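Chemist: I have a structure I would like to understand better, so I am pasting it below and will then ask my questions one at a time.
Just so you know, all these numbers are worked out from the coordinates, no wet-lab data involved. Since we're looking at a predicted model, the values are computed, not measured. Heads up, the Cβs are rebuilt from the backbone with ideal geometry, glycines too, and the neighbour counts pull from every protein chain shown.
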Amino acid sequence: MFQPKLGLSALALETGAWVQLAAGETSDAALLLYLTSHGGASALLALMVWSLLPRALATPRLPVLGLIWSVSFFIPIFGFCGVILAIFALPFLPQRRGTLDFRAVPLPALDPHEKQDVTSFRQAGVRQFLKNDRAPVAQRLRAVVALGNAPSAVSNPMLRELLNDATEDLRLLAYGMLDTREKKINAAIHAERGQYAAAANATERLLAARRLAGLYWELIYQGLVQGDLMEHAAHEGFKYMSEVMAAEPTNAGVALQFGRLLHHMGRHDEAEAAYRGARALGLPAPRVEPYRAELAFLRRDFDEVRDIIEHLDNWQGLSRLQPVVRLWSRKARDTQTSTAP
């Protein structure tokens, strides 16, 4: 009943407007009366037509009402009549379903290959997935749990990034995993310190010092300590490693580990000497020379970096360093060119 009343009222106002105009009055008052009556009729007609429109065409409300009113008001006779005809023509128009230009695509499930063994763990894929805050939280939680199968040196930086995530469950899980790993190493350090203090002879004391140096290095290498704690771990590791180095100056593995600790502490000249000592004691070049190349890069001695890379034997076996080797080594580029089809 609402629409017919609006329609009849609009028709009555519009008829009255035209009767007033046809009476021949030319005064401003007559024109104002016509415009008022015609505007009211157009408004009532717009309300009636809007109430008959489908929801998809009736929104947004005010712009649609303004469009219908404008057609009826600003186009004499034909606008008003055209809107009325549109009311009767609307039910006979074919139903069209517009297609959206953009559709929401559901996120794919976590790649099952990401859960392979640690030797084939895809760090980049999981890192990007964990950063995607639009991914389902349940899948992101499963991805965090999957990081437990990855090497700590790879997974710990990603877990530390999650400590700033907006999802509380992810923050708590990442914190719990990092805290568990740190507590495990700290418990081993506590036990080894007891062994070190209770050592009955120099051999037992040396073995405990070697294990303590390795455990402190693991805290640093795995990224489990930051800031002052990292400095403390480096200082303690250096103390025990110096003791081991003094007792076993001809041990190539100890020399390499000592060099890496000095490298981390920023004592680059001493680290260079330790690396050279490790090479002289028989360690193969692929285990030592990449660290020397990094030291040369930090000194901005790029010629030495290139020289070290080019004289690096068996570089084909260093899969993780292949991009670096290709960048710096002319030998690598020449080999690639000669093997290309």
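Chemist: Rounded to two decimals, what is the ratio between the C-alpha radius of gyration of region 206-290 and 2.2 N^0.38 Å?
Modeler: 1.03
Chemist: Okay, next question. Could you list which residues have their amide H under 5 Å from that of Asp165, counting only those 5 or more apart in sequence or on another chain, with H placed in the peptide plane?
Modeler: none
Chemist: Can you compute the charge dipole magnitude of region 191-311 about its Cα centre, using +1 on each Lys and Arg Cβ and -1 on each Asp and Glu Cβ, nothing else charged? Give it in debye, rounded to the nearest 20.
Modeler: Once rounded to the nearest 20, the dipole reads 280 debye.
Chemist: When Lys and Arg each count +1 and Asp and Glu each count -1, what net charge do the other residues less than 13 Å away from Ala209, Cβ to Cβ, add up to?
Modeler: Here the charged neighbours net out to 0.
Chemist: After finding the eigenvalues of the alpha carbon gyration tensor for region 127-256, what semi-axes result from the square roots of 5 times each, listed largest first in whole Å?
Modeler: Rounded to whole Å, the semi-axes are 37, 14, 12.
Chemist: Taking the mean number of other Cβ atoms within 10 Å as a proxy for protection, how do you rank 297-309, 205-217 from highest to lowest?
Modeler: Ranking the peptides 297-309, 205-217 by packing returns 205-217, 297-309.
Chemist: Once both labels are modelled 7 Å past Cα along the beta-carbon direction, what's the Ile87-Ala273 spacing in nm?
Modeler: 10.1 nm
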